[in-house]
Amino acid sequence: MLKEIDITKTRKPAQMTKKNLYDTLTDEFDGIYAAFERTEKDCLLQKRKEAFAYFQDQKFPSTKNEEWRFTNITPFVNDTYNLYSDFSADDETIEKALEKVDVKGLDAYRLILVNGNINYDYSQLPQTDGISIRSVSEVKNEVSFSEKINQNIEVAKYPFAALNTAFFQDGYYIELKKNFNLDKPVYIIHIYSEKENVFLQPRNIIIAQQGSNCKFIETSVCISKNTVFVNSFTDILINENAYVRHAHFQRGNANERWVTHTQVNQEQNSRYDNYLVTLPKADLVRNNLNVELNGKNTETHLYGLYLVSDKHLVDNHSVVNHKYPNCQSNQLYKGVILDGGHGVFNGKIYVQRPAQKTNAFQQNNNLLFSPNAVINSKPQLEIFADDVKCSHGSTVGQFNEESLFYLRARGIGEETARSLLVNAFAFDVAEKIHNEALRDYVEILIEETIEQAQKDNS
Amino acid sequence: MLSIKNLHAGVENKQILKGINLEVNAGEVHAIMGPNGSGKSSLASVLAGRENYEVTEGSATLDGKDLLDMAPEDRAREGLFLAFQYPIEIPGVSNINFLKTALNEIRTYRGLEPLDAKSFLKLTKEKQQLVEFDAKLVNRSLNEGFSGGEKKRNEILQLAMLEPKLSILDETDSGLDIDALRIVSNGVNKLRSKNNAFILITHYQRLLEYIVPDFVHVLYNGRIVKSGTKELALELEEKGYDWIKEENAVNA
Ligand SMILES: Nc1ncnc2c1ncn2[C@@H]1O[C@H](COP(=O)(O)OP(=O)(O)OP(=O)(O)O)[C@@H](O)[C@H]1O
Ligand SMILES: [Mg+2]
């Protein structure tokens with residue numbers, strides 16, 4: 001806890017003038033770094049310094065950067081933010097937040113983080129030696145943590161990841177011990193409660209040791225009237241024969257901006273399943289999901305479902321990198337773009353020369369609800385091996401008015417009919433979710449979203 | 001029950017219905033026949049509330065309530081049912097879930113409690129037997145991959161479940177094999193009562209042997225140009241539509 005106080009001490013008096021985020025970061029880095037120097041070991045400090053140099057060199061990406069072509073972040077980084085945060089939130093706020101993300105019928109452990117810091121009072125953690133769950137601030141000087149920072153990512157290519165490395169203060173650290181099989185999922189809830197406009201950068205890590213098996217469900221919730229920009233980075237390291245299932249729900253409000261980077265590293269015979277469900281209506285949601293396959297016989301499933309409403313931008317970028325033989329990856333992303341919404345999908349599959357007998361599939365299907373809905377979809381495949389089975393594709397369809405009429409002609413109200421049809425479109429993603437409570441949750445979220453969109457329209 | 005007066009409607013400036021008058025009372029069965037493209041399905045669509053049709057003149061009421069003013073779902077809730085000429089496939093929406101949603105929305109509208117799972121299953125089973133609908137199809141996606149005849153029977157299953165006041169069957173007999181035609185007709189006959197009414201749109205006299213109509217109308221060029229009893233259907237079967245067309249060419 002002390003470390004954070006150190007950082008807030010470096011804070012300058014409140015700025016009256018509007019200052020963009022780049023200048024804020026540049027001006028404050030030295031002071032924040034000085035605070036880090038008092039508590040952190042050299043190897044981590046070194047990485048922070050390097051990363052910040054990359055960021056300063058590249059600055060925030062503009063739409064000239066191919067990776068950001070359709071996602072213009074300029075208006076969001078021109079705002080003025082504070083870089084520190086008040087780590088406390090009263091019980092009432094926490095309870096209100098928890099209520100918002102409650103999943104009916106879900107039997108799970110709970111890991112609650114408030115502004116990036118684990119709140120042990122509200123968490124319900126597994127009581128076993130098989131898993132260790134701690135705050136990053138508690139472990140950041142342990143080699144097991146610091147050596148893993150950016151181990152698997154070319155951070156120079158990812159300005160937000162570089163930025164996160166330079167500034168992160170906290171987050172969760174989860175380690176599953178060898179051959180440990182966690183009986184229930186862990187529901188990870190990030191609560192952000194802010195009294196000022198802030199730019200926050202949590203850093204998380206999940207390490208699944210050899211042969212372990214676990215499920216995570218993750219979500220974030222803001223209780224704030226201010227602008228909150230969260231740039232989070234999560235490392236997921238899956239060792240030999242381990243299996244990690246990871247569901248991520250994203251739902252927000254205007255004035256929330258989310259950039260997430262999930263860096264998955266799979267060793268041989270491991271499996272990773274990701275379910276990413278994004279709902280309105282944060283101003284910006286940009287997800288980078290990168291999967292490095294570092295051994296043979298791996299299996300990877302990435303499922304995405306995004307509902308995008310008016311003034312809401314959802315951008316999913318995925319990379320799956322096949323480097324060894326006999327690996328399988330499968331991606332299915334489905335998007336429903338409502339009136340005024342903008343969706344972006346960019347998926348890359350690389351199959352390197354040694355990766356023979358690769359099976360790699362990728363599909364992105366979109367449903368446009370109105371002529372005033374936009375999708376930019378770009379599936380990409382780069383293959384350097386010859387004995388592989390790969391495919392990719394992308395479709396864009398209009399909402400079927402005939403189907404809507406059929407349902408309404410049977411007495412089903414317009415709103416319900418639309419929800420039924422969106423659920424039908426989403427079905428082949430939703431059905432892949434093993435947990436029944438979560439499947440029902442997805443259905444409810446879809447209904448609520450359509451209901452809200454109807455209200456906004458009328 | 002249904003009262004249509006001087007109904008004019010069209011699509012994108014094209015006039016299709018040009019002054020339809022029709023009165024259907026409770027307990028009656030009316031047949032509407034007529035050449036291809038004369039406007040039979042259009043009439044059904046306008047009554048059911050398909051949005052691409054624009055009503056330019058006239059009225060249509062169901063038990064005194066203005067149908068044309070209502071959203072399609074409210075027309076259905078008020079007791080109008082259209083068995084479509086071409087039922088569409090909706091992948092991902094299960095037949096059973098669809099039936100349940102429809103039934104419960106209609107019940108809620110009428111101030112009734114939604115049916116619990118058990119009573120719903122019981123009702124489904126009962127109606128399924130009435131129209132001899134394959135139980136396996138009930139759990140599939142709505143009409144997805146159904147044969148033409150199966151789709152038509154599914155329409156009748158829905159009709160049986162929702163118990164409408166006024167049912168319009170748009171060429172439900174087309175595409176049914178001989179046995180299916182008998183089964184569907186038997187089903188409809190069992191559903192007939194003094195409180196409901198049916199409009200059968202058909203090209204074939206054969207259906208009318210199974211479901212005997214009280215009146216037969218000929219729709220031609222957007223108007224009902226001839227009405228009569230079931231004998232009119234026999235006459236059409238024998239002589240075709242040329243004489244009707246000629247009569248109207250003379251009159252026009
Ligand atoms: N959306 C549309 N746009 C333009 N014309 C239309 C449209 N829908 C129907 N029509 C025209 O309206 C006329 C009547 O069509 P309708 O389907 O009502 O005929 P029908 O009597 O049901 O014929 P059939 O016996 O072949 O089923 C036809 O000429 C048809 O082409
Ligand atoms: Mg027709």
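Take A:Lys432: with every protein chain present and a 1.4 Å probe, its accessible area is about 70 Å². Computed over the alpha-carbon pairs of the protein assembly as shown, the distance histogram in 10 Å steps reads 3, 13, 20, 19, 14, 11, 10, 6, 2, 1, 0 percent, short to long.
Ballpark to the nearest 100 Å², how much total accessible area do A and B bury together, probe 1.4 Å?
Working: alone 19150 and 12350 Å², together 29540 Å².
Roughly 2000 Å² of accessible surface disappears when A and B pair.
Counting only lysines at least 8 places from A:Lys41 when in the same chain, those with an alpha carbon closer than 29 Å to its own are A:Lys3, A:Lys9, A:Lys12, A:Lys49, A:Lys59, A:Lys140, A:Lys148, A:Lys157, A:Lys177, A:Lys178.
Placing dummy labels 7 Å off each Cα toward the beta-carbon, the span from B:Lys122 to B:Ile88 is 3.6 nm. Sorted largest first, the spans of the alpha carbon positions of the stretch A:250-304 along the three principal axes are 43, 15, 8 Å. Heavy atoms of the protein chains alone define the surface here; on that basis the protein assembly as shown has 42 Å² accessible area per residue at 1.4 Å probe size. Which of rounded, prolate, oblate describes the stretch A:78-132, given a ≥ b ≥ c as roots of the alpha-carbon gyration tensor eigenvalues and a/c under 1.5 marking rounded, otherwise prolate only if a/b is larger than b/c? Prolate is the answer for the stretch A:78-132, as a/c is 1.5 or above and a/b outweighs b/c. Using a probe of 1.4 Å on the protein chains alone, the accessible area found for A:Arg257 is around 20 Å².
Structural size metrics of the stretch A:152-256, computed from C-alpha coordinates, are Rg and Dmax of 15.5, 45 Å.
Relative to one another, the C-alpha centroids of the stretch A:207-258 and the stretch A:369-434 are positioned 24 Å apart.
Kirkwood hydrodynamic radius (Cα pairs, Å) of the stretch B:130-252?
Numbers: mean 1/r = 0.0627 Å⁻¹.
Result for the stretch B:130-252, one decimal place: 15.9 Å.
Computed over the stretch A:25-134, the P(r) curve from all C-alpha pair distances, binned at 10 Å from the origin, holds 10, 25, 27, 30, 8 percent per bin.
When the residues B:Ser119, B:Ser185 are ordered by accessible surface, computed with a 1.4 Å probe over the protein chains alone, the sequence from largest down reads B:Ser119, B:Ser185. Among the protein heavy atoms of the stretch B:95-198, carbon and sulfur supply 51% of the accessible surface, probe 1.4 Å, non-protein parts ignored. A simple spin-label model places pseudo-atoms 7 Å from Cα toward Cβ; at B:Glu237 and A:Thr128 they are separated by 7.5 nm. Roughly how far apart, in whole Å, are the Cα centres of the stretch B:111-146 and the stretch B:198-252? Value for the Cα centre distance between the two parts: 35 Å.
I'd like the carbon and sulfur percentage of the solvent accessible area for the stretch A:27-169, probe radius 1.4 Å, heavy atoms only, ligands and nucleic acids excluded. Working shown, then result.
Working: 2990 of 6860 Å².
Heavy-atom surface of the stretch A:27-169 belonging to carbon and sulfur, 1.4 Å probe: 44 percent.
Under 1.5 on a/c is rounded, so check that first for the stretch B:26-83, then, if it is not, pick prolate when a/b is larger than b/c and oblate when it is not; a ≥ b ≥ c are the square roots of the alpha carbon gyration tensor eigenvalues. Cα axes put the stretch B:26-83 in the oblate bin.
Counting 0.36 nm for each residue step from B:Asn248 to B:Glu209 and taking away their Cα separation leaves a gain of 11.3 nm. Legend: mean number of C-beta atoms from other chains within 10 angstrom of residue C-beta atoms, peptide A:397-409, equals 6.
Give me the one-decimal Kirkwood hydrodynamic radius in Å for the stretch B:158-211, with the sum taken over alpha-carbon pairs. Write out the running numbers ahead of the final one.
On the way: mean 1/r = 0.0871 Å⁻¹.
After inverting the mean inverse Cα-Cα distance, the result is 11.5 Å.
Taking the protein heavy atoms of the stretch A:395-458 in the context of the full set of protein chains, the accessible area attributed to carbon and sulfur is 45 percent at 1.4 Å. Work out which residues of the stretch A:410-456 lose at minimum 40 square angstrom of accessible surface when the other protein chains are put back, relative to the chain isolated, with a 1.4 angstrom probe, and list them by number. Buried by the other chains: A:Arg410, A:Gly411, A:Ile412, A:Leu420, A:Ala424. The percentage of C-alpha pairs in the stretch B:2-251 whose separation is greater than 26 Å is 39%.
Which value results for Rg/Rh of the stretch A:309-435 when Rg is the Cα radius of gyration and Rh the Kirkwood radius based on the inverse mean 1/r? Rounded to two decimals, Rg/Rh equals 1.09.
All other residues whose Cβ lies under 14 angstrom from that of A:Ile349 are scored, Lys and Arg at +1 and Asp and Glu at -1, for a net of +2.
The stretch B:13-78 and the stretch A:90-145 have their alpha-carbon centroids 60 Å apart. On full extension, the segment bounded by A:Asn65 and A:Ser144 gains 25.0 nm, given 0.36 nm per residue less the C-alpha separation.
Given R₀ = 22 Å, FRET efficiency for B:Glu54-B:Ser193 by Cβ-Cβ distance, to 0.05? That gives a FRET efficiency of 0.05.
With a simple spin-label model that places each label point 7 Å from the Cα along the Cα-to-Cβ direction, the separation between A:Asp91 and B:Asn13 comes to 7.1 nm.
Need one word for the stretch A:152-201: rounded, prolate or oblate. Basis is the Cα gyration tensor (sqrt eigenvalues a ≥ b ≥ c); a/c below 1.5 gives rounded, then a/b vs b/c decides. Numbers along the way, then the final one.
On the way: a/c = 3.38, a/b = 1.36, b/c = 2.49.
Note, shape of the stretch A:152-201 comes out oblate.
Work out the count of Lys pairs in the stretch A:273-334 where the Cα-Cα distance is under 28 Å, with the pair 8 or more places apart or on different chains. Lysine pairs meeting the criterion: 5.
The values are calculated or read from the model by the stated rules, or taken from the named source; none is laboratory data. All values reported here derive from a predicted model rather than from experimental measurement. FYI the Cβ positions are ideal-geometry reconstructions off the backbone, even for glycines, and counts take in every protein chain you see. Heavy atoms of the whole protein, side chains included, go into the accessibility calculation; ligands, DNA and RNA do not. Shrake-Rupley method; radii C 1.70, N 1.55, O 1.52, S 1.80 Å.
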